[in-house]
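Step one of this worksheet: look at the structure below.
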Amino acid sequence: MPVRKSMPPGAPAMHSITIDTLAAFPLQLEAHYAAIPAEFRHWTPASWDGVPSEPFTAIEQICHVRDIEIDGYHLRFRRTLDETRPLLASIDSDVLARERAYGAADATEVFASFRGARTQTVALLASLSPEQFKRSAEFEGYGALTLRSLVHYLCSHDQQHLAGLQWLLGKIEASRA
């Protein structure tokens, strides 16, 4: 779902590419998850050494992405827009996974919720002015940043989880050898 045409005048081309990447991500995440054999969606490898994302099973990966979108980035974007230089908290992913019983989640529901949340994210970002992207905040563990920085960190987070699912596929294949 390209959003280039709705970007404000003067928005950098790279910014538009990043928002397009964010918009395309739900389909990529679903495709990567679908590549995981059903019997391995709750599987954990003997070692998590080298995992490029959080050490979560496939179902836990998608739950995490959903929750970071909603509880993390939605709140961070809103606070950065509404407050003067807010301190944005990091989220303890392990606690969320336990509290929300990620292992018992239904993938269809997770994806539906995530798609809706990502649509909201993209709509918000596409509506912002260049000046709004310059708003600043402090992000725990990252330091000082702008709202534009947050957009890039979200895109990076997405890519880490695609890599995490690919990593799991590699471990699955190695376990079958």
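Bear in mind that the values in this text are calculations on the coordinates, not laboratory data. These figures come from a predicted structure and were not determined experimentally. So basically every Cβ, Gly included, is an ideal-geometry build from the backbone, and we count neighbours across all protein chains shown.
Odds and ends about this structure:
- Degrees between helix 13-34 axis and first principal axis of the chain (Cα, 0 to 90, nearest 10): 20
- Rounded to 10°, Cα long-axis angle of helix 58-67 versus longest principal axis of the chain: 20
- Normalised by the number of residues in segment 8-176, the mean separation of alpha-carbon contacts (under 8 Å, six or more apart) gives a relative contact order of 37 percent.
- Each 5 Å bin from zero up to the one holding the largest Cα-Cα distance in segment 76-177 carries the following percent of pairs: 2, 10, 14, 19, 20, 15, 10, 5, 3, 1, 0, 0.
- A simple packing score, the average count of other Cβ atoms within 10 Å per residue, orders the peptides 64-70, 137-143, 27-33, 88-94 as 64-70, 27-33, 88-94, 137-143, with the highest score first.
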